[in-house]
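Right, one structure below, let's go through it.
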């Protein structure tokens with residue numbers, strides 16, 4: 001657990017607190033898969049019909065950098081429980097996480113050949129997995145644009161495809177909300193994994209009648225979300241994974257300002273670069 005947490009912090013700047021929670025979830029997902037295998041019926045019958053669940057075949061698992069070890073665990077646990085051999089294409093930005101994770105599997109004495117890893121870019125290795133007729137299933141976590149390509153190209157060999165794609169999900173604050181609770185909770189969700197998460201609630205929709213009160217509540221709550229060194233247990237927002245990601249976030253800040261957004265905290269620059277709060 002310590003090694004997996006430390007490598008997440010080192011490799012992409014995941015905060016120590018978030019990384020620890022994520023790795024605990026990664027361990028628990030294997031226990032959940034074991035429980036499901038014991039409890040889910042593999043054969044069901046009604047009338048003259050009987051349905052039997054069988055392994056689908058070789059599964060291609062494609063994971064993102066922002067929680068690579070967790071996604072590797074979640075996808076592998078389900079595939080192994082179902083009896084499938086897997087070929088994994090981890091993010092090219094997550095080599096250290098993948099290495100430590102594979103060492104864990106080695107210690108667990110997972111049968112050789114059951115879990116295979118091929119490193120490389122998505123447009124090379126990932127594309128081959130999607131096209132290859134020997135791969136029966138693709139499980140992908142990543143962007144909408146890549147997900148569309150996988151769905152289209154996988155259809156050529158009638159692959160089963162599971163897609164978990166990015167979004168821009170809002171939190172909705174209703175008229176009767178307790179802002180002292182709702183706003184800190186909303187900010188915690190927005191800053192999840194330094195804002196680099198598909199489940200982060202990175203928009204906030206509020207009643208116009210409460211807009212001024214919400215702005216003040218945000219200003220009051222922001223000191224509880226310090227940005228800084230990801231190894232510091234008190235840090236909530238760490239650095240961006242790459243310079244390219246940092247520059248992309250900066251461009252969003254500038255775009256928001258150009259479109260008339262009011263900057264409540266921070267602005268362009270390194271402070272609060274992970275996530276800009278605007279209304």
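The values are calculated or read from the model by the stated rules, or taken from the named source; none is laboratory data. Not measured: the values here are computed from a predicted model. Neighbour counts are summed over all protein chains in view; Cβ atoms, including those assigned to glycine, are modelled from backbone coordinates with ideal geometry.
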Please go through region 192-242 and give me each residue that is free of Cβ contacts under 8 Å to residues at least 24 places away in the same chain and assigned to a loop (DSSP other than H, G, I, E, B), ordered by number. 226, 228, 229, 234
Consider residue 154 carefully, then state whether it is within 24 Å of residue 20 (Cα to Cα) and touching a residue at least 24 places away in the same chain (Cβ under 8 Å). no
Which residues, taken from region 179-191, are in contact (Cβ under 8 Å) with a residue 60 or more places away in the chain and either touching a helix residue (DSSP H, G or I) at 6+ places or on another chain (Cβ under 8 Å) or part of a helix (DSSP H, G or I) (or both)? 187, 190
Is at least one residue of region 150-160 in a helix (DSSP H, G or I) and not assigned by TED's automatic domain parsing to the domain that holds residue 8? no
Tell me, yes or no, whether region 159-168 has at least one residue that is closer than 27 Å to residue 242 by Cβ, touching a strand residue (DSSP E or B) at 6+ places or on another chain (Cβ under 8 Å) and buried (at least 19 other Cβ atoms within 10 Å of the Cβ). no
What is the number of the single condition among (1) in a helix (DSSP H, G or I); (2) in the same structural domain as residue 22 (by TED's automatic domain parsing); (3) within 30 Å of residue 238 (Cα to Cα) that residue 120 does not meet? (1)
Condition (residue is farther than 30 Å from residue 191 by Cβ, in contact with a helix residue (DSSP H, G or I) (Cβ under 6 Å, 6 or more places away or on another chain) and surrounded by 14 or more Cβ atoms within 10 Å (Cβ to Cβ)) applied to region 89-112: is it met by at least one residue? no
So is residue 127 in the same structural domain as residue 27 (by TED's automatic domain parsing), over 23 Å from residue 81 (Cα atoms), under 24 Å from the mean Cα position of the chain (by Cα) and in a loop (DSSP other than H, G, I, E, B) or not? no
